[in-house]
Every structure is written in C-alpha cells, then in structure tokens.
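Colleague: Just dropping this structure here.
Values in this text are rule-based calculations from the coordinates and carry no lab data. The structure presented is a predicted model; accordingly, all values stated were derived computationally and were not measured. Reconstructed Cβ throughout: ideal geometry from the backbone, glycine too, with neighbour counts over all protein chains shown.
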Amino acid sequence: MLKRMVKMTFQKDRIADFLAIFEDSKNLIRNFPGCQHLELLHLENQPEVMFTFSLWDSPEALEAYRHSDLFQNTWSKTKVLFAGKPEAWSMRVAAEV
C-alpha cells in the first residue's frame, strides 16, 4: 500500500473554487482503479493550506491515475488556483505500533 500526501496552498479568494473542483471529482478519484481512500485536510487556522491524503494499491496504480484524463483535467483546473508550489510525498509504512 502506498500513502500519498499532497500539500497545496491556494489563493485565499480561490478556496471556494478548489472546494467545488474537489467536490466534483472526489468520487471519481475514489473509484479510480487502485485508489483505496481519499480525503481532504486543511491546516488549523490556515484554510488556504490543504492536503489530499490518499491510499493506493501500488506505485503503478498511482502512476496510472496521474497519467489519466481524470487527473489531467482535475489538475489543470486546480493548479491555476495555487498561491505557492505544491509539494507531494509518497510513503510506505516503516513500522507499526
């Protein structure tokens, strides 16, 4: 299982635009082959800083999504709303407690 975290900082006056994009696409992403989970988070007291957290069956499943029309369409609408460069991390569990 691959865990993916993407940090995005939005223009404050474009937050509602992003939330509408996310609302329109979240179920499509959740139902994309290999996606097990998707959620949207924001920093406390900084609503313009948001994170997507997703779980993928494998790196290949994530890459298939990243090369899909769904991603290309969603990302093209999203990236114009940014106030800063997005950051992304793909992680695996190193140890469980």
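Colleague: Name the residues in the range 56-97 that are closer than 24 Å to PHE18 by Cβ, basic (Lys, Arg) and exposed (fewer than 14 other Cβ atoms within 10 Å of the Cβ), would you?
Modeller: Within the range 56-97, ARG66, LYS79, LYS85 meet the criteria.
Colleague: Which fully enclosed helices (runs of 4 or more DSSP H) of the range 1-79 have 3 or more residues being over 21 Å from VAL93 (Cα atoms), free of Cβ contacts under 8 Å to residues at least 24 places away in the same chain and among the charged types (D, E, K, R)?
Modeller: Helices (runs of 4 or more DSSP H) meeting the threshold: 15-30.
Colleague: Another question, if that's okay. Those residues that are under 12 Å from LEU70 (Cβ atoms), polar (S, T, N, Q) and surrounded by fewer than 16 Cβ atoms within 10 Å (Cβ to Cβ), I need them from the range 23-55; list them, please.
Modeller: Of everything in the range 23-55, those that are under 12 Å from LEU70 (Cβ atoms), polar (S, T, N, Q) and surrounded by fewer than 16 Cβ atoms within 10 Å (Cβ to Cβ) turn out to be ASN27, ASN31.
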